[in-house]
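Novice: Got a structure here, written out as structure tokens. Questions coming.
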Amino acid sequence: MTNVHPFPKRPAPKKHKHNHPATGLAFFVQDPDGESVDVLTMIILAGSMYLNPTDEQPPDDLPTTQLLRTMDGLDAIADAANILVMHARNHPEGFDQGAVDHLVHQGNQAYKVVRKLYDMLPSNDFIISMDSYGPDLMAEYATNAAIVVTTSFALDLLAFYYDPFIKTGKDQRKAMFRNFQGAYQEARDECQSRTKGHEFLIKELSSAHRAMQKAMREQ
């Protein structure tokens, strides 16, 4: 997965530190444990879990490894979303509760789709042992589709974050926000392009399969 704006690989500290980044003051909210957390950094670091390019594919990578990384990324994005939702519920005067409900719905839908993509795949052993490109194509399609869904949710969460925190200046890291918003957008666009190619192949294969089945019945 290529990306011209690589996400940071080094995790940021969870607890509130007073050495603010040079790009502007961060904004911290309380998590369910009462600790101060930097939600924007959480969203960005979630991308590093599945969008960072690698120079070489690790030798122990399996057909479903990237999909599992994406699922871990979705979990991390959901953690950030849950903290924001809790903050918005606790401060209803500053948030459109309809938008909060919509964000919760988007998260639930993302989990539903990604889980379905994972469940449709055969085991790694089956994919590896099959003398066919079909299972590999399934794994590639499911992975790209999961990245599209997960990254779309990350973009939804960033959009939700923008008005109350970036636009108001509570979080002064607007340049960093825009940079990684663009990185997420680029990753989604790239994977959407790939899934369109997969959809064309699947459509043509389905058509050819129907034609073959018809020819066999007429013999």
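The values are calculated or read from the model by the stated rules, or taken from the named source; none is laboratory data. Note that the structure is predicted; figures quoted are calculated from it, not measured. In this analysis, Cβ positions are derived from the backbone assuming ideal geometry, glycine residues included, and neighbour counts consider all displayed protein chains. In case anyone asks, the SASA skips ligands and DNA or RNA and just uses the protein heavy atoms, side chains included. Shrake-Rupley method; radii C 1.70, N 1.55, O 1.52, S 1.80 Å.
Conditions tested, residue by residue: (1) of a type in the set (A, V, I, L, M, F, W, C); (2) on the phi < 0 side of the Ramachandran plot; (3) assigned to a helix (DSSP H, G or I); (4) in contact (Cβ under 8 Å) with a residue 12 or more places away in the chain.
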| position | (1), (2), (3), (4) |
| --- | --- |
| 40 | yes, yes, yes, yes |
| 51 | yes, yes, no, yes |
| 70 | no, yes, yes, yes |
| 105 | no, yes, yes, no |
| 119 | no, yes, yes, no |
| 135 | no, yes, yes, yes |
| 138 | yes, yes, yes, yes |
| 142 | yes, yes, yes, yes |
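Novice: Do we have any residue at all in region 144-160 that's more than 23 Å from residue 72 (Cβ to Cβ) and either without any contact (Cβ under 8 Å) to a residue 60 or more places away in the chain or assigned to a helix (DSSP H, G or I) (or both)?
Specialist: no
Novice: Quick one: is residue 219 open to solvent by 70 Å² or more (accessible area, probe 1.4 Å) and touching a Leu at 6+ places or on another chain (Cβ under 6 Å)?
Specialist: no
Novice: Scan region 87-103 for residues that are in a helix (DSSP H, G or I), more than 26 Å from residue 146 (Cβ to Cβ) and not small (Gly, Ala, Ser) and report the count.
Specialist: So the count comes out to 6.
Novice: Identify all residues within region 162-202 that are over 15 Å from the mean Cα position of the chain (by Cα) and small (Gly, Ala, Ser); write none if there are none.
Specialist: Result: 169, 175, 193, 197.
Novice: Cβ contacts < 9 Å: first residue farther than 24 Å from residue 154 by Cα, restricted to region 183-205; second residue of a type outside the set (Ser, Thr, Tyr), any location; separation 6+ or different chain. Result?
Specialist: 201/137; 202/137; 205/134; 205/137
Novice: Determine if region 135-144 includes at least one residue that is within 20 Å of residue 39 (Cβ to Cβ) and of a type outside the set (D, E, K, R).
Specialist: no
Novice: Of all residues in region 160-203, which are open to solvent by 70 Å² or more (accessible area, probe 1.4 Å), among the charged types (D, E, K, R) and under 17 Å from residue 25 (Cα atoms)?
Specialist: 163, 167, 170, 174, 178 - these are the residues of region 160-203 that are open to solvent by 70 Å² or more (accessible area, probe 1.4 Å), among the charged types (D, E, K, R) and under 17 Å from residue 25 (Cα atoms).
Novice: In region 45-67, what count of residues is obtained for those that are open to solvent by 10 Å² or more (accessible area, probe 1.4 Å), under 13 Å from the mean Cα position of the chain (by Cα) and at pLDDT 90 or above?
Specialist: Residues flagged as open to solvent by 10 Å² or more (accessible area, probe 1.4 Å), under 13 Å from the mean Cα position of the chain (by Cα) and at pLDDT 90 or above within region 45-67 amount to 4.
Novice: Being modelled with pLDDT under 95 and in contact with a Pro (Cβ under 9 Å, 6 or more places away or on another chain) is the requirement here; does residue 82 meet it?
Specialist: In short, no.
Novice: Please determine whether any residue of region 121-138 is under 12 Å from the mean Cα position of the chain (by Cα) and among the β-branched types (Val, Ile, Thr).
Specialist: no
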